[in-house]
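Notes for the one structure printed next.
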Amino acid sequence: MDRRGDIWGGDLATGSARRAPYVERTFDDTMVLLVEARNYLAHREAADGVGLGPDVRLVACCESMRVTSRLTQVMAWLLAQKAVQAGEITEREAVSDRFALSAPSTCLDIAGQDNMDLPAGLRSLLDRSHRLYVRVSRLEAMVLSRLN
């Protein structure tokens with residue numbers, strides 16, 4: 001029997017589960033970034049867009065959607081992991097296509113965060129949401145490699 005722990009820190013042999021600090025921390029980090037992104041998009045984005053040309057505003061809009069896509073993907077995956085921990089779904093279900101991270105071509109694209117024409121606040125959100133998506137991609141890969 002495999003004695004390694006799952007991503008929640010439980011014992012695979014006994015089926016015991018407890019919350020792993022790195023998954024909990026990732027969930028907390030995601031919530032903080034979600035709130036910050038919501039606040040930026042609701043209150044700051046319009047002010048930051050003043051004076052930008054139409055082409056740059058269009059790029060900023062697309063990059064804002066990239067932040068939203070990353071955070072949505074990450075939160076959905078983390079919530080599925082919480083459902084596993086709560087016994088609501090199996091670990092195998094949580095790594096199915098239904099809950100898997102998707103849109104990697106969109107979410108892994110880093111062009112916007114280096115675009116100095118974009119507002120600094122948006123570039124910061126792009127950078128941090130990218131790092132978070134990559135972090136959760138690694139967690140997902142750990143689970144998949146253990147289950148396969």
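Read-outs throughout are calculated quantities, based only on the coordinates presented, and are distinct from any laboratory measurement. Everything numeric in this text was worked out from a predicted model, so none of it was measured. As a convention, Cβ positions derive from the backbone with ideal geometry for all residues, glycine included, and neighbour counts pool all protein chains shown.
Taking the Cβ of His130 as the centre, find all other residues whose Cβ is under 10 Å away and add up their charges (Lys, Arg: +1; Asp, Glu: -1).
Details: positive: Arg66, Arg70, Arg128, Arg131, Arg135; negative: Asp109, Asp127.
Value of the local net charge: +3.
Ignoring everything except DSSP H segments at least 4 long, calculate the 222 nm mean residue ellipticity for the chain; use -39,500 (n - 2.57) per segment, divide by total residues, nearest 500.
About -20500 deg cm²/dmol.
Using θ = phi - 60° and the Karplus form 6.51 cos²θ - 1.76 cosθ + 1.60, what ³J(HN,Hα) does each residue of the stretch 35-44 get, whole Hz, x for Gly and Pro?
5, 5, 5, 4, 5, 5, 5, 7, 10, 10
Given the chain, report the % of alpha carbon pairs whose separation exceeds 28 Å.
28 percent
Met142 to Met65: FRET efficiency via 1/(1 + (r/R0)^6), r the Cβ-Cβ distance, R0 30 Å, to the nearest 0.05? Before the final figure, lay out each step's value.
On the way: r = 28 Å, r/R0 = 0.95.
So the FRET efficiency works out to roughly 0.60.
Would you kindly derive the ³J(HN,Hα) couplings of the stretch 140-145 from the backbone phi angles with the Karplus curve 6.51 cos²θ - 1.76 cosθ + 1.60 (θ = phi - 60°), listing them in order in whole Hz, with x for Gly and Pro?
With coefficients 6.51, -1.76 and 1.60, one gets 4, 5, 4, 5, 4, 5 Hz.
Any chance you could give the angle, 0 to 90 degrees and rounded to 10, that helix 54-85 forms with the longest Cα principal axis of the chain?
Roughly 10 degrees, rounded to the nearest 10.
Can you work out the Karplus-derived ³J(HN,Hα) for every residue in the stretch 121-138? Use 6.51 cos²θ - 1.76 cosθ + 1.60 with θ = phi - 60°, whole Hz, and x for glycine or proline.
Result, ordered by residue: x, 5, 4, 5, 4, 4, 5, 5, 5, 5, 4, 5, 4, 5, 4, 5, 4, 5 Hz.
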